[in-house]
Amino acid sequence: MERKFPKGFLWGTASAAYQVEGDIRNCDWWEWEQKPGRIANGDSASVACDHYNRYREDFQLLRELNQNAHRLSIEWSRIEPSEGVFDSRQIRHYRDVLGELREQAILPMVTLHHFTSPLWFARKGGWTSPEAPRAFLSYVRRAVDELGDLVGIWCTVNEPSIYAANGWITGEFPPGRHGDLVAQYRVTRHMHRAHELAYAAIKKRYPDAPVGLSHHKFLLVPASSKRRDRLAAAAAQGVTDRWPVAPGRLRPIVAATSDYIGIAHYWGQLCAFDPRRPQDQFVRRFNPPGRLTEMGFVSDPAWMRGVLGALRRYGKPVYITENGLATEDDGWRERYLQDVLGEVHAAIHEGVDVRGYFHWTNMDNFEWARGYSCHFGLIAVDRKTQERTIKPSGRAYARIATANALPGLD
Ligand code: BGC
C-alpha cells in the first residue's frame with residue numbers, strides 16, 4: 001500500500017544565498033575566501049550558481065519538480081551594506097525573488113542569517129559582541145517591513161551550534177578561531193537573544209506567520225554500552241544541542257521561542273571517552289562503519305526516525321529544514337532519499353507532527369570551505385556554462401512530491 005503523507009505536506013529544497021547567488025562581496029565570507037588555502041581547490045563563490053541573475057529559471061525547475069515550497073536565505077550584507085543604511089535596490093531584488101516563488105505557487109521559507117554577516121558587523125566583533133542581537137534586529141525589522149507579505153515561513157538563524165563551532169572551535173569558517181570555548185559560548189548566547197528579538201518583531205507584524213530556526217542535529221552515538229562512552233556521547237551531544245540562557249544554565253535549542261522546530265540532519269559519529277584528549281573535552285569522535293559521503297561522514301537514513309522521535313515530547317510542528325547526501329553517485333542519493341523519507345513517514349505515524357521536508361539542496365553549489373567538491377544537488381550545474389541538468393534523483397523526488405506519497409513496502 002502507498003505510504004501517504006499528510007495533506008498539505010511541504011515538499012521543498014533548501015539553499016543559502018552565499019552558496020548560490022554569486023558576487024556577494026561585502027560580507028565576512030568573501031573576505032575570508034580571499035586568502036589562498038582556505039577553500040578546497042582554490043574555489044570561490046564569486047559566481048557560485050549565478051542564482052542572483054538566474055533565479056527565474058531556477059524556480060521554473062523547482063516547479064518542474066513539483067515543489068510546493070523552497071527554503072532560501074536573504075543576504076544581510078546586500079540589504080544593509082553599511083550600518084543603518086538599507087539598499088532599496090537589493091530589497092526590490094528580494095521582493096522580485098519572493099514574488100517569483102509565489103507566482104510559481106512555491107511557498108518561501110526565508111532564512112534571515114545563514115552563516116554570512118556584513119563586513120561592518122564582523123568588524124565590530126560580529127556575533128561575539130553583546131551588540132550583535134540589536135544590530136541583527138534592525139535588519140530583521142526592515143526585512144519584515146519590506147518583504148513580510150511575501151514570506152510563508154520564517155527561519156531566523158541557521159544552525160547556531162554549527163556556526164559557532166566552525167568559526168570559533170575548528171576554524172573552518174571566519175573568523176577562523178581555534179578552540180575558543182568562551183567565544184563559542186558567547187556566539188550561541190547572542191544568537192539565541194537575536195532569535196528571540198527577531199521572533200517578537202516578526203510576530204508583532206505578522207502574528208500568524210510561523211517563526212522558528214534551523215537546528216543542526218549532528219547525531220553523537222556512544223561507541224559502546226560502557227558508561228563512560230555513554231557519558232562522553234551525552235556530553236558532546238549536549239554541547240551541540242543546547243544554548244546558554246544564563247551563566248551556568250543551558251536550554252535545548254529546539255525548545256526555543258518558536259512556532260515550529262526546524263531540524264537539519266545529515267550524519268552522525270560515534271563517541272568514546274578518551275583521557276588523552278583534554279583539548280577535545282576527553283571525547284574521541286569517529287565514523288561508524290559505512291560508506292563515506294564526499295563530506296567524509298556516514299549518513300544513515302535510519303537515524304532520521306530517532307532524531308524526529310525525540311522531538312515528539314515538544315508537541316510542536318516540525319520541519320526538516322535540511323537533509324541530503326554529498327555524492328556524485330546519484331543512484332545512491334535516490335536510494336537514500338527514498339529510505340530517509342520512509343523514516344519520516346514512519347515518524348509521522350508514530351505521532352511526530354512533521355509538516356514538511358526541505359532537501360539539501362536543489363542544485364550543486366558552493367559548499368563553504370569545501371568549495372565545489374561536494375555534490376548535494378538534485379540538479380547538476382555545469383561550472384563553465386552554468387547549464388542546469390535535472391538528475392534522476394530529482395525526477396524521483398518530483399514523483400514523490402506529486403503523489404504526496406511513497407510507494408508501498410512489499
Ligand atoms: C548548512 C549548509 C551546508 C550543509 C551541508 C548545513 O550545515 O546549513 O549551508 O551546505 O550543511 O554541509
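Odds and ends about this structure:
- What a 1.4 Å probe finds exposed on the range 299-410 is 49% carbon and sulfur by accessible area, rounded to a whole percent.
- Taken one residue at a time, the phi angles of the range 247-253 give Karplus couplings (6.51, -1.76, 1.60, θ = phi - 60°) of x, x, 10, 10, 9, x, 4 Hz. Gly and Pro are set to x.
- Of the DSSP H helices in the chain, those whose Cα atoms cover at least 27 Å axially and whose Kyte score averages -1.0 or more: 181-205, 330-349
- Restricting the calculation to Cα atoms, every distinct pair contributes to the Kirkwood radius of the chain, found to be 21.5 Å.
- Most mobile of 36, 174, 81 in a GNM of the chain (Cα contacts under 10 Å): 36
- Within the accessible area of the range 120-193, the carbon and sulfur atoms contribute 49%, probe 1.4 Å, all protein chains present.
- Eligible lysines near residue 316 by straight Cα distance, threshold 26 Å, same-chain separation 8 or greater: 4, 7, 203, 204, 217
- Choice from 15, 258, 214 showing the highest fluctuation, given a GNM over the chain with Cα pairs closer than 10 Å: 258
- Separation of the range 373-410 from the range 67-100 is 26 Å, based on Cα centroids.
- The residues of the chain have, on average, 41 Å² of accessible surface per residue, using a 1.4 Å probe with all protein chains present.
- Contact order relative to length of the chain, as percent, for alpha carbon pairs under 8 angstrom and 6 or more apart: 19
- Size descriptors for the range 52-165 (Cα atoms only): Rg and Dmax, in that order, 14.8, 45 Å.
- The range 131-202-the range 1-52 distance, computed between alpha-carbon centres (Å): 17
- Each residue of the range 39-50 is assigned a 3J(HN,Hα), and the resulting list reads 10, 3, 6, x, 5, 9, 8, 4, 10, 6, 9, 6 Hz, derived from the Karplus form 6.51 cos²θ - 1.76 cosθ + 1.60 (θ = phi - 60°), x at Gly and Pro.
- Springs between Cα atoms under 10 Å define the GNM used for the chain, and in it the highest mean-square fluctuation of 332, 76, 127 occurs at 332.
The values are calculated or read from the model by the stated rules, or taken from the named source; none is laboratory data. Bear in mind the structure is a predicted one, so any value in this text is a computation, not a measurement. Quick note on the areas: whole protein, heavy atoms, side chains included, nothing else; ligands and nucleic acids left out. Shrake-Rupley method; radii C 1.70, N 1.55, O 1.52, S 1.80 Å.
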